[in-house]
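The next block holds one structure in the form of structure tokens; read it before the comments.
Please treat every number below as a calculation from the coordinates, not as lab data. Just so you know, these numbers come straight off a predicted model, no measurement behind them. Here the Cβ is made from the backbone with ideal geometry for all residues, glycine too, and neighbour counts use every protein chain on show.
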Amino acid sequence: MNSLNAGPVADTLQRLFQQAEQADRGLMVQFAQAESIDQLLSHHLAEERRDLAGVYRGYVDNYLNVTQEYGRFIYQCVRARRATRIVEFGTSMGVSTLHLAAALRDMGGGRLISTELEPSKAARAQANLEAAGLAALVEIRVGDARQTLSDIGGEIDFVLLDGAFSLYLPVLKLLEPHLQSGTPILAENAFDHDNEYLAYVRDPLNGYLSQPLAINEGRGNEFSVFTR
Ligand SMILES: C[S@@+](CC[C@H](N)C(=O)[O-])C[C@H]1O[C@@H](n2cnc3c(N)ncnc32)[C@H](O)[C@@H]1O
């Protein structure tokens, strides 16, 4: 079974991709014109840039979602791994969340813990999961990932990092004691420039295999596998 192709999941995703295209059109033009994410964020105070919370507060109505191509890739990876307990950092309106939860449900079930800073976005994601019939598999924790993911209550076999990229390393370190060997970690917007997360996962001494993905090139998609 592949619920991305037909039925309530496919219908909900089709609606969300259309809404996202409208809501984020202006932002995508800005991204395309900026030399780098750093340049785009340079007008924000240095203090804010550390956790980017101020930046995301300005994007409460933006989806900032994964592409259809990347969503399908996430779905494939979850199925290939036969994952049953997933953690996601960065729910937004739930586009990636739907792909993760659909993969779990299509394999018979599982649990997804996702976290979102903005309560209004978390509420919209919850409604979208309900529309897709996937709400029973997902717990959305509202708040800062550094707190909401401090207790995930068991082992994890799949991770999607798609929140504030400046927090990927602290969030990974929170999750690390719970990672099963062989756990894939997909990280969006993990850019090369001065990136402590990439330095960490690419250093073989830390126990990961890691490389950038060609899929959606330019969006800083890193694929890592925990091998300890
Ligand atoms: C790129 S969007 C996520 C897109 C989503 N994965 C999708 O495909 O639809 C990043 C989200 O992370 C949230 N976020 C940023 N910093 C966060 C934090 N410290 N804790 C939890 N969520 C955070 C933002 O509010 C934003 O909605």
Dividing the mean separation of Cα pairs under 8 Å (6+ apart) by the residue count of the chain yields a relative contact order in percent of 17
About its Cα centre, segment 126-227 carries a charge dipole, from +1 on Lys and Arg Cβ atoms and -1 on Asp and Glu Cβ atoms, whose size in debye to the nearest 20 is 40
Mean-square fluctuation maximum in Gaussian network of the chain, Cα pairs under 10 Å, restricted to Asp157, Asp61, Asp194, hits Asp194
Given the candidates Met28, Leu117, Ala103, the one whose Cα lies deepest towards the positive end of the charge dipole of the chain, counting +1 at each Lys or Arg C-beta and -1 at each Asp or Glu C-beta, is Ala103
Calc'd 3J(HN,Hα), segment 7-17, phi into Karplus 6.51 cos²θ - 1.76 cosθ + 1.60 (θ = phi - 60°), Hz, glycine/Pro = x, comes to x, x, 5, 4, 5, 5, 5, 4, 4, 5, 5
The exposure ranking of Ser166, Ser210, fewest beta-carbon neighbours within 10 Å first, is Ser166, Ser210
Computed on Cα atoms, the radius of gyration and Dmax of the chain in angstrom are 16.5, 48
Across the alpha-carbon set of segment 117-228, Rg over Rh with Rh taken as the Kirkwood radius works out to 0.98
Computed, not fitted: 222 nm per-residue ellipticity of the chain from DSSP H runs ≥ 4 (each -39500 (n - 2.57)), nearest 500, equal to -13000 deg cm²/dmol
Checked against the positive end of the charge dipole of the chain (+1 on Cβ of Lys and Arg, -1 on Cβ of Asp and Glu, about the Cα centre), the farthest of Pro184, Ala131, Val142 is Ala131
Quick note on His193, His99, ordering by fewest other C-beta atoms within 10 Å, gives His193, His99
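Taking a ≥ b ≥ c as the square roots of the Cα gyration tensor eigenvalues, with a/c under 1.5 meaning rounded and otherwise prolate when a/b beats b/c, else oblate, which class fits segment 187-228?
The shape class here is oblate.
Kindly provide the GluC sites (Glu not before Pro) of segment 176-228 that DSSP labels as loop, not H, G, I, E or B, and whose Cβ sees at most 14 other Cβ atoms within 10 Å. Could the numbers behind the result be given before it?
Numbers: sites: Glu188, Glu196, Glu217, Glu222; in loops: Glu188, Glu217.
Sparse-neighbourhood loop GluC sites (Glu not before Pro): Glu217.
Let a ≥ b ≥ c be the square roots of the eigenvalues of the Cα gyration tensor of segment 48-180; is it rounded (a/c under 1.5), or, if not, prolate (a/b larger than b/c) or oblate?
oblate
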In debye to the nearest 20, the charge dipole size for the chain, taken about the Cα centre with +1 at each Lys and Arg Cβ and -1 at each Asp and Glu Cβ, equals 640
Taking the alpha-carbon centre of each part, the distance from segment 66-101 to segment 158-218 in Å is 15
